Amino acid sequence: MNFTTILWDVDGTLLDFRAAEKAAVQALFREFSLGECTDEMVRRYSQINEVFWQRLERNELTKPQILVGRFEQFFSEIGISAALAPAFNDRYQLALGDTIVFRDDSISIVRSLQGKVKQYAVTNGTVTAQNKKLTASGLKDLLDGAFLSEGVGAEKPNMAFFDAVFDAIRPTDLSKVLIIGDSLTSDIRGGNNAGIRTCWYNPDHLPARPGFRIDYTISDLREVLDIL
């Protein structure tokens, strides 16, 4: 095998984050008696959420600021009191783990690689949400470990995040470490910063943007087996 260690992104890579996001937001609208949350409203929330996470990656906001701030902006836009945002976000962290949808049968891919390579989850998601997802999905039992940014004390793509990962797993050769993720700004930038090989999971066939070193591009996670 070309690689000894895989760093897997979770949301949008191993798991279908959009499906979990939509189910969680719509379920909580019912729980909080906020009326119908249409598909268009979910799409708008998703846009706001993405912008806030990108600001976190650029160290412009803290994790608590983005978690509450995204709902404050979303609620303000649709005429709901922004004061509800903290309570809504607290429930949202747990609700995200209620819907598990695997991308490209990722669970079977991870299982097939057990014992052949070391596999770790690397994610900026919250400890509450990610622990529930990894446990409910069964991935926790298959992976060799998980690095959650809240526990690490730094976010992807910051080098401090990867320093903590490498300190823990102590890879003997960074050229044998591969990060696989769907985000150019988080996963691929992080891999570039860390000096490891990168695999961009791009199922929507988006155009690559300048400024990133992408060693491999795949549209289906099964293609990882060919790379290895």
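Overview of values
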| read-out | value |
| --- | --- |
| Cα centroid separation, the range 14-73 to the range 168-228 (Å) | 25 |
| Beta bridge orientation in the range 1-157: antiparallel %, DSSP, nearest 5 | 10 |
| Estimated FRET transfer efficiency when R0 is 30 angstrom, pair residue 209-residue 2 (beta carbons, to 0.05) | 0.70 |
| Percent of alpha-carbon pairs separated by more than 25 Å within the chain | 39 |
| Farthest positive-ward along the chain dipole, Cα basis, beta-carbon charges - from 41, 207, 114 | 114 |
| Under 22 Å from the Cα of residue 140 - lysines, other chains or at least 8 residues apart | 116, 118, 132, 156 |
| Range in the chain, longest, excluding exposed trypsin sites (Lys or Arg not before Pro) [loop by DSSP; at most 14 other beta-carbon atoms within 10 Å] | 117-212 |
| 167, 187, ranked by accessible area, largest first (probe 1.4 Å) | 167, 187 |
| For the chain, size of Cβ-based charge dipole, Lys and Arg +1, Asp and Glu -1, in debye | 340 |
| Between 0 and 90°, nearest 10: helix 39-57 axis offset from the chain longest Cα axis | 50 |
| Cα convex hull volume per residue for the range 1-96 (Å³) | 120 |
| Local electrostatic count at residue 82 - Lys and Arg +1, Asp and Glu -1, tallied over other residues with Cβ under 14 Å | -1 |
| Gyration tensor (alpha-carbon) shape descriptor, the range 89-167, a/c threshold 1.5 | oblate |
| CD proxy at 222 nm, helix term only [per DSSP H run n ≥ 4: -39500 (n - 2.57); per residue of the chain; nearest 500] | -14000 deg cm²/dmol |
| Cα gyration tensor shape of the range 104-210, rounded if a/c is under 1.5, else prolate or oblate by comparing a/b with b/c | rounded |
| Inter-site label distance for residue 43 and residue 220 at 7 Å from Cα along Cβ, in nm | 2.8 |
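The values are calculated or read from the model by the stated rules, or taken from the named source; none is laboratory data. Only a predicted model underlies this, so the values are computations on that prediction, with no experimental measurement involved. Because the Cβ atoms are built from the backbone with ideal geometry, glycine has one as well, and the counts that use them run over all protein chains shown. Note: areas computed on protein heavy atoms with side chains; ligands, DNA, RNA excluded. Shrake-Rupley method; radii C 1.70, N 1.55, O 1.52, S 1.80 Å.
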